[in-house]
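Working notes, structure below.
Any read-out appearing in this document is the output of simple, stated calculations on the displayed coordinates, not a laboratory observation. In this text, all values refer to a predicted model and were calculated from it rather than measured experimentally. Here the Cβ positions follow ideal geometry from the backbone for every residue, glycine too, while neighbour counts run over all protein chains shown.
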Amino acid sequence: MMRIYLSLLNAAKFRKVFDFGEREVAHWFPGHMAKGLKQMRASLRKVDCIIEIHDARMPFSGRNPSFQESLDVRPHILILNKMDLADTSKKQSILKQLDREGVRNVLFTDCLRQRDENVKKDRSYCLMVIGVPNVGKSSLINAVRRTYLKKGKASKVGGEPGITKAVLTKIQVCERPIIHLLDTPGVLPPRIENIETGIKLALCGTILDHLVGEDVIADYLLFSLNRLERFSYVEKYNLEEACDDIQHVLKCIAVKLGKTKRVKAITGVGNITVQLPDYSAAAYDFIRAFRKGELGKVLLD
């Protein structure tokens, strides 16, 4: 607790803005995304409802505007998934902001948990599940199927974007009434114009890490945690206090985890091999700890 107290005292020293420099989010619109969007449009005639899934940690950032333009089916339900990882203390203000944007049918869910009461829904027929990559579309389908049919997974789930490659055939999730869901591949806009939105998407696992760089993602994560005064990383990685220097934090993480790598160094007496902290491994652990909720609940928007 003393470490957290010291961190709060030093909060004034933390960065107020994140320096993105000249960075750009790499273009990432694989062929299966374009194909998937085309298949979604072709399937609209047999769809009674659209369910859009998004990450509750960023309820506004990163939603694909092409869904609204290309898949304008009513009713349209927005599900903010992974609520167990999000700070939902501002839930009402989020709902009001979404309402101002014309989004009125909103549910918060946590579809990886076995407690599935938060995915129960009223009568319907065929629903298409859409969203950007890795926000829990397949998890929602499996949770509904588990609740109403008492059956296991029908749609493959993974922690990296790009698991679902194409629009699947109908997956039955209920018998009375008969309800089918269509799983779809995650589709990003062909170009993400806002660099901060791109890094938020990468931090939440929607864009492949290497397209942004784990060092940049880890630095933005540190900036965000300090800005939100979420200092659980201090005790988790045995830091003396919160710090705004990502290199120092990664060095402490590497030491704590025993992550080192052998590097050849040229000296006056020849080449020698030295052990140095593995900053890449440390960044990897830092980011994944956040994604698993081990660094506290956050709201990035």
Here the gain from full extension of residue 178 to residue 22, 0.36 nm per residue of separation minus their alpha-carbon distance, amounts to 50.9 nm
Among GluC sites (Glu not before Pro) in the range 201-301, those in a DSSP loop whose Cβ has at most 11 other Cβ atoms within 10 Å are 240
So the FRET efficiency between residue 95 and residue 297, C-beta based with R0 = 25 Å and rounded to 0.05, is 0.90
Working note, the range 169-301: Cα radius of gyration (Å, one decimal) and Dmax (Å, whole number) are 20.3, 80
Per the 1/(1 + (r/R0)^6) rule, R0 = 25 Å and r from the Cβ atoms of residue 275 and residue 87, FRET efficiency to 0.05 is 0.05
Residue by residue through the range 247-252, the couplings from Karplus 6.51 cos²θ - 1.76 cosθ + 1.60 with θ = phi - 60°, in Hz, x for Gly and Pro, are 5, 5, 4, 5, 5, 5
Taking a straight Cα-to-Cα line shorter than 19 Å from residue 170, and setting aside same-chain aspartates and glutamates fewer than 8 residues away, one finds 48, 52, 122, 183
Karplus-derived 3J(HN,Hα) from phi for the range 181-187 (6.51 cos²θ - 1.76 cosθ + 1.60, θ = phi - 60°), whole Hz, x at Gly and Pro, runs 10, 9, 7, 9, x, x, 10
Over 18 Å (Cα to Cα) among 46/150; 13/91; 82/259; 236/256 -> 46/150; 13/91; 82/259
Computed from the beta carbon distance with a Förster radius of 22 Å, FRET efficiency for residue 251 and residue 210 to the nearest 0.05 stands at 0.50
Sorted by chain and then number, the residues having a modelled amide H within less than 5 Å of the amide H of residue 132, at least 5 places away or on another chain, are 64, 187
Label model pair residue 45, residue 14: point-to-point distance (7 angstrom along the Cα→beta-carbon line) in nm is 5.4 nm
A chain fully extended from residue 104 to residue 68 at 0.36 nm per residue, minus the present Cα-Cα distance, gains in nm 11.6 nm
Quick calc: nm separation of the 7 Å Cα→Cβ label points for residue 263 and residue 241 -> 2.8 nm
